[in-house]
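J.: First the structure, which I've put down as structure tokens, then a few questions once you've had a look.
Any read-out appearing in this document is the output of simple, stated calculations on the displayed coordinates, not a laboratory observation. Here the structure is a predicted model, which means the values were calculated and not measured. Please note: Cβ atoms are built from the backbone with ideal geometry, for glycine as well, and neighbour counts cover all protein chains shown.
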Amino acid sequence: MQKKSISFLKASAIQFASKYLNVAIQLVLTAILARLLSPEEYGVMAGITIFTSLFSILADMGFGPAIIQFKDLTKRDYGGIFLFSIGIGVVLSAAFALLGYPIAWFFHDDSYKYLCLLTVISIFFNAVNMVPNGLLLKDKKFMSIGIRLIVSTVVGGAVAIFLAYRGLGTAALVWNLNVTAVLVFVWNYITIHDQLTFHEIHIFQSVHKVLRYSMYQAGFSIINYFSRNTDHLIIGRFFGSTPLGLYDKAYKLTSYPIQFVPGILGTVLQPYLSEYQNDKEKLFHYQMLLVRFLALSGSLFMFVCILCGSDIVGIMYGPQWSSCVPLFLILSCSIAFQMVMNVTGGILQSAGRTDLLFRQGLLATAAMLLLVFVGAMGHNLTMLTICVSVAFFLQLFTVAYYTAVKAFDRSMKDFLYPVLRIIGIATLIAIPQLVLRYKIRFVFDNNALDLLLYSIIYLVLFCAVFFATGDLKQLLRIIKKKA
């Protein structure tokens, strides 16, 4: 068994390395698949993903984080919750198969009937994976998680490419989901099966132990789902599959930096910070260290994407996806804010305040829904995308209120000032290059060369300025101290 004393930085480094390699693999797989499949086929898959995301939340029901948070659960409890998850998986799989008919009506496309039936494999295995995955995280087996991530991505992606080449279209992407879900479950179950027992178990008694915590977590996840997917639903319903495919590809490109940095930290946060559940000062201190780091890295990624948007899309997807460049540039303006907010869940879970997480999600979702509907009223995809980016910015204030003020008894300024200061400085650094790129139009007409030139220049200026301000020096001192 992997040692439980593995440090937070070592765990983060393991996750960083595996996620880095995984993102690189995903980029290669995406670049290949984007040349085999059309925007319309990707649009259909985006429609399916909207609903698989919701069913994944319903399958987990907040039990995954609860397993990590509660230290007094026994093997019988794990076994009872696992059997409960099998029942959930069966019910949700049947429901998703039947859901294909209303989804087909909603999107005006009968292909969803067959594709939803095909997707039930991933729905079931995602449900039964709830307990094994929670135990892996609780035991801090990040090496196993990292290897599993890479293996499942490669195998699932290879299957998708083969099937796409054979002409299966959107079904190839569905099989990617299915193969990945099965592999992840088998890997996890083999790793943790000795921690489960099915003798003398009391299923509902075990479930009841974590129910209050998990229900708030599930409530937040469902609310956050609507915050993250309403835009896709509206576009798919009123704009069609091709615009949805373009928007989804732009959205996914901006999500890579978020997966890459806060996604890694979010995975390892709760197993470590839950030890400080009753120490508000220490939790707020760690939160602000993470927030400053994420504001720095988020600003860097954000302006590289803004400066090189057309180059990134051209390299990743090819010329048939050029129409998603404006959408990508607009969504890129929200990357830094999304990255800063992305660890909110881990922080409030560690503080045992999933009730605040639920309320924050409720307010953030209200802001997103309002702006998405405002954007949709103009029947203009660009305007809707602008509204989505503005909503992400406004959500930052909900995070500041529910973490700094409600959870840790601090002021919103204590949270917001470091974030907005860093993003403001990063903006000033980028202005000369933005003028050069978009006003003077200084380009080489070579995507790779333009990307290399503008990203390197911005990186050098970024590092020089933030070393001068002391932000990077402070970050490096902390890393050396903790290493």
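J.: Compute the length gained on full extension between residue 377 and residue 238: take 0.36 nm times their separation in residues and subtract their Cα-Cα distance, giving the result in nm to one decimal. Don't skip to the end; give the middle numbers.
T.: Details: separation 139, 0.36 × 139 = 50.04 nm, distance 1.04 nm.
Extending this stretch completely gives an extra 49.0 nm.
J.: Longest exposed-loop-site-free stretch of the chain, with trypsin sites (Lys or Arg not before Pro), DSSP loop and at most 15 other Cβ within 10 Å?
T.: Values: sites that count: 3, 4, 71, 166, 441.
Counting at most 15 other Cβ atoms within 10 Å as exposed, the longest clean stretch of the chain is 167-440.
J.: Kindly write out, for segment 73-78 in residue order, the coupling ³J(HN,Hα) from the Karplus curve 6.51 cos²θ - 1.76 cosθ + 1.60 (θ = phi - 60°), rounded to whole Hz, with x marking Gly and Pro.
T.: Each residue's phi maps through the Karplus curve to give 6, 9, 4, 5, 5, 4 Hz.
J.: Let me ask something additional. Per residue of segment 170-178, what does 6.51 cos²θ - 1.76 cosθ + 1.60 with θ = phi - 60° give for ³J(HN,Hα)? Whole Hz please, x for Gly and Pro, Karplus curve as stated.
T.: Values per residue, Gly and Pro as x: 4, 4, 4, 6, 5, 5, 4, 4, 5 Hz.
J.: To continue, here is another question. How many nm is it between the label spots at residue 452 and residue 200, if each spot is 7 Å from the Cα in line with the beta carbon?
T.: 6.8 nm
J.: Here's a follow-up. Could you go through segment 357-365 in sequence order and give the Karplus-derived ³J(HN,Hα) for each residue, using 6.51 cos²θ - 1.76 cosθ + 1.60 with θ = phi - 60°, rounded to whole Hz, and x for Gly and Pro?
T.: 4, 4, 5, 4, x, 5, 5, 5, 5
J.: Past 20 Å, Cα to Cα: identify those pairs from 71/141; 19/140; 406/473; 138/406; 71/138, in the order given. Each step should come with its number before you reach the end.
T.: Numbers: 71/141 16 Å; 19/140 16 Å; 406/473 31 Å; 138/406 27 Å; 71/138 9 Å.
Exceeds cut-off: 406/473; 138/406.
J.: I need the shape label for segment 59-174. Rule: rounded when a/c is under 1.5, else prolate if a/b > b/c, else oblate, with a, b, c from the alpha carbon gyration tensor. Before the final figure, lay out the partial values.
T.: On the way: a/c = 3.36, a/b = 1.52, b/c = 2.20.
Oblate.
J.: Also, quick follow-up: Using a cut-off of under 11 Å, list every residue of segment 334-348 whose amide N is near the label point 7 Å from the Cα of residue 431 along the Cα-to-beta-carbon line.
T.: Backbone N within reach: none found.
J.: Measuring from centroid to centroid over Cα atoms, what is the spacing of segment 343-396 and segment 179-201 in Å?
T.: Cα centroid of segment 343-396 versus Cα centroid of segment 179-201: 35 Å apart.
J.: Quickly work out the residue 114-to-residue 322 label distance, labels modelled 7 Å from Cα along the C-beta direction, and quote it in nm with one decimal.
T.: Distance between label points: 3.3 nm.
J.: Let me ask something else. For the chain, what does the alpha-carbon gyration tensor say about shape, rounded, prolate or oblate, given a ≥ b ≥ c as the root eigenvalues, a/c under 1.5 as rounded, and a/b over b/c as prolate? Walk me through the numbers before you get to the answer.
T.: Values: a/c = 1.56, a/b = 1.12, b/c = 1.40.
Since a/c reaches 1.5 but b/c is at least a/b, the shape of the chain is classed as oblate.
J.: Given the Cα atoms of segment 1-209, and with Rh set as the inverse mean 1/r over their pairs in the Kirkwood sense, what is Rg to Rh to two decimals?
T.: Details: Rg = 18.4 Å, Rh = 18.3 Å.
That ratio equals 1.00.
J.: Can you pull the percent of Cα pairs in segment 228-483 with separation above 21 Å?
T.: Working: 20056 of 32640 pairs.
Distances greater than 21 Å cover 61 percent of the Cα pairs.
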